[in-house]
Amino acid sequence: MRIAVMGAGSIGGYFGGMLARGGNQITLIARGDNLAAISQHGLKVIRDNEEFTVRCDVTDDPKQVGTVELALLTVKAYQNEQAIPALSPLVGPDTTILCLQNGIDTYQDAVAAFGVDRVLPGAAYIEAGRQGPGVVTQTGSGVRIAFGEQDGRNSDRGNEIADLLKRSGIAAQFEADIRKTLWTKFLFIATLAGVTTMTRESLDRLMPRQEWRAVIIGCMEEIERASRASGVNLDAEVVQDTLSYMVGSIDEMHASMHSDIVAGRPLELEALNGAVVRAGKDTNVPTPINDVIYAMLKPYMLGNFDMPGTFDKS
């Protein structure tokens, strides 16, 4: 299959590398030193028990690619304003855009640009990073992609994409209720990212402190109430199950937004805790913890730490 990956960072690079190794015709949309490294040396993928290098097309100009059958959107949500118009040369009448971004509504940017029939919302479950230009890492055995049609229907393209991913060594689930899937992941990632970024501390330092454990649980409960008020039928024990998962994997709990604020990079705040605040307002559900997280982090959203009174990032 002809596939393009918009955003060849850690997540896009990993899935693009796996799909390329699976025999698909892959084009990575990259830039800067990452583009140069992949062009010269290929894309290197390092996993817990193996590493491999694949040669695939790479460019910073989607107009050089032409239309594809499948486009993966894996950029940070705050990059959509630039990335989604750049997708246009890749999208033809038979193209599907699979959105693998954090958040519950970020895929709507692609829907607004290309129409509801072109877009599949999805969620990526993965611990991945960039070791350097052209080198991505993936740890743990829980990596998978879940996605679905927006109206919940079973479709030939959904089953075909799921089979394609599985043949390339990527666990995949074609879901009947993608909104439930997105909100379930969102409850976890928005809480983890929001609380650790606000405090500039890791989860393993926060969870043993009862005052912060209460904040973590309260943050999840706000998201659960907002989701149910939005018409999403989450599992009855979603908060307790998520808390148990956090505690059981606490040494592996790392949020990219926490890393971003420490490094002075922009934050996915609008897609995460900002989305909780918006959902609460839309459904008249109070979200005081997320309101505070959003208010405290909004000055740092663009990665600007030069304002008076901000913390020392050295």
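The values are calculated or read from the model by the stated rules, or taken from the named source; none is laboratory data. Everything quoted here is computed from the prediction, not taken from an experiment. FYI the Cβ positions are ideal-geometry reconstructions off the backbone, even for glycines, and counts take in every protein chain you see.
Quick look at the values:
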item: Strands (runs of 3 or more DSSP E) enclosed by region 11-84 - at least 3 residues per element that are free of Cβ contacts under 8 Å to residues at least 60 places away in the same chain; result: 25-29, 51-54, 57-59
item: In region 254-281, the residues that are among the charged types (D, E, K, R), without any contact (Cβ under 8 Å) to a residue 60 or more places away in the chain and closer than 17 Å to Leu187 by Cβ; result: Arg278
item: Check on Asp109, of a type in the set (D, E, K, R) and either crowded, with 17+ Cβ neighbours inside 10 Å or closer than 17 Å to Ile145 by Cα (or both); result: yes
item: Candidates Ala193, Ala176, Ala123, filtered to the one that is more than 24 Å from Ile250 (Cα to Cα) and either in contact (Cβ under 8 Å) with a residue 40 or more places away in the chain or in contact with a Gly (Cβ under 6 Å, 6 or more places away or on another chain) (or both); result: Ala176
item: Test: residue in region 164-179 that is surrounded by 18 or more Cβ atoms within 10 Å (Cβ to Cβ), among the β-branched types (Val, Ile, Thr), farther than 19 Å from Ala279 by Cα and in the same structural domain as Leu98 (by TED's automatic domain parsing); result: yes
item: Selection from region 220-253 of residues that are touching a residue at least 40 places away in the same chain (Cβ under 8 Å), under 19 Å from the mean Cα position of the chain (by Cα) and surrounded by 15 or more Cβ atoms within 10 Å (Cβ to Cβ); result: Ile223, Ser227, Thr242, Met246, Met253
item: Matching option when the condition is loosely packed, with under 15 Cβ neighbours inside 10 Å and touching a residue at least 40 places away in the same chain (Cβ under 8 Å), among Gly140, Gly129; result: Gly140
